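Participant: Below is a structure I'd like to ask you about.
The values are calculated or read from the model by the stated rules, or taken from the named source; none is laboratory data. Because the structure is predicted, anything quoted here is derived from the model rather than measured. Quick reminder, even Gly has a Cβ in these numbers, built from the backbone with ideal geometry, and neighbours come from all protein chains shown.
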């Protein structure tokens, strides 16, 4: 059902991975007198991974009749979020010209926020599944 708490968590995850990367910068590169903000649209890899994570979460939201499928899709989405987070950590550790000042933006932490929301959604899905199994035992 769409009014469950896990749907709210997954909808927030869609918002975090689908809309917020276009608003918040990933990092800022500062050269001599110029600061350049790097957004998601500058890299096709980041754009495609954020798009894939958002698409998988939307599919998971609408597969509410199959809780096990929803659980697995959320786990797969978490794996892609970890991959995206790994790319960000690698990129932040290898920013060119660290003698110049560079700032990490809040956009780099969006996959971590999405992972937390998906873990909460999976806990709620597991709770629903246990409730259904306990009712089936009573019949």
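Participant: If residue 3 satisfies all but one of (1) in contact with a helix residue (DSSP H, G or I) (Cβ under 7 Å, 6 or more places away or on another chain); (2) more than 24 Å from residue 79 (Cβ to Cβ), what's the number of the condition it fails?
Facilitator: For residue 3, the failing item is (1).
Participant: Does residue 124 qualify as being surrounded by fewer than 20 Cβ atoms within 10 Å (Cβ to Cβ), in contact (Cβ under 8 Å) with a residue 40 or more places away in the chain and closer than 17 Å to residue 12 by Cα? Steps first, answer last, please.
Facilitator: On the way: surrounded by fewer than 20 Cβ atoms within 10 Å (Cβ to Cβ): yes; in contact (Cβ under 8 Å) with a residue 40 or more places away in the chain: yes; closer than 17 Å to residue 12 by Cα: yes.
Yes: the conditions hold for residue 124.
Participant: Let me ask you something else. If I go through region 44-75 residue by residue, how many of them are over 17 Å from residue 11 (Cβ atoms), buried (at least 16 other Cβ atoms within 10 Å of the Cβ) and without any contact (Cβ under 8 Å) to a residue 24 or more places away in the chain?
Facilitator: Of the residues in region 44-75, 0 are over 17 Å from residue 11 (Cβ atoms), buried (at least 16 other Cβ atoms within 10 Å of the Cβ) and without any contact (Cβ under 8 Å) to a residue 24 or more places away in the chain.
Participant: Taking region 14-37, which residues are in contact with a strand residue (DSSP E or B) (Cβ under 9 Å, 6 or more places away or on another chain) and without any contact (Cβ under 8 Å) to a residue 60 or more places away in the chain? Show your work before the answer.
Facilitator: The initial filter retains those residues of region 14-37 that are in contact with a strand residue (DSSP E or B) (Cβ under 9 Å, 6 or more places away or on another chain), namely 25-30, 35-37.
Within region 14-37, 35, 36 qualify.
Participant: Could you check region 16-41 and list, in sequence order, the residues that are within 17 Å of residue 52 (Cβ to Cβ) and in a helix (DSSP H, G or I)?
Facilitator: Correct list: 16, 17, 18, 20, 21, 22, 40, 41.
Participant: Among the listed residues 13, 63, 48, identify the single one that is modelled with pLDDT of 90 or more, outside any loop (DSSP other than H, G, I, E, B) and more than 17 Å from residue 116 (Cβ to Cβ). Talk me through it step by step, then tell me what you get.
Facilitator: Working: 13 fails: more than 17 Å from residue 116 (Cβ to Cβ); 63 fails: outside any loop (DSSP other than H, G, I, E, B).
Selected residue: 48, the only one of 13, 63, 48 that is modelled with pLDDT of 90 or more, outside any loop (DSSP other than H, G, I, E, B) and more than 17 Å from residue 116 (Cβ to Cβ).
Participant: Restricting to region 76-97, and then to whatever is over 14 Å from residue 14 (Cα atoms) and modelled with pLDDT of 90 or more, can you tell me which residue is surrounded by the fewest Cβ atoms within 10 Å (Cβ to Cβ)? Even if it seems obvious, please write down each step before you answer.
Facilitator: Keep residues of region 76-97 that are over 14 Å from residue 14 (Cα atoms), which gives 76, 79, 82-97.
This time we only want the ones that are modelled with pLDDT of 90 or more, so: 76, 79, 82-86.
Values: 76: 16, 79: 13, 82: 13, 83: 14, 84: 24, 85: 17, 86: 11.
Among those residues, the one meeting the criterion is 86.
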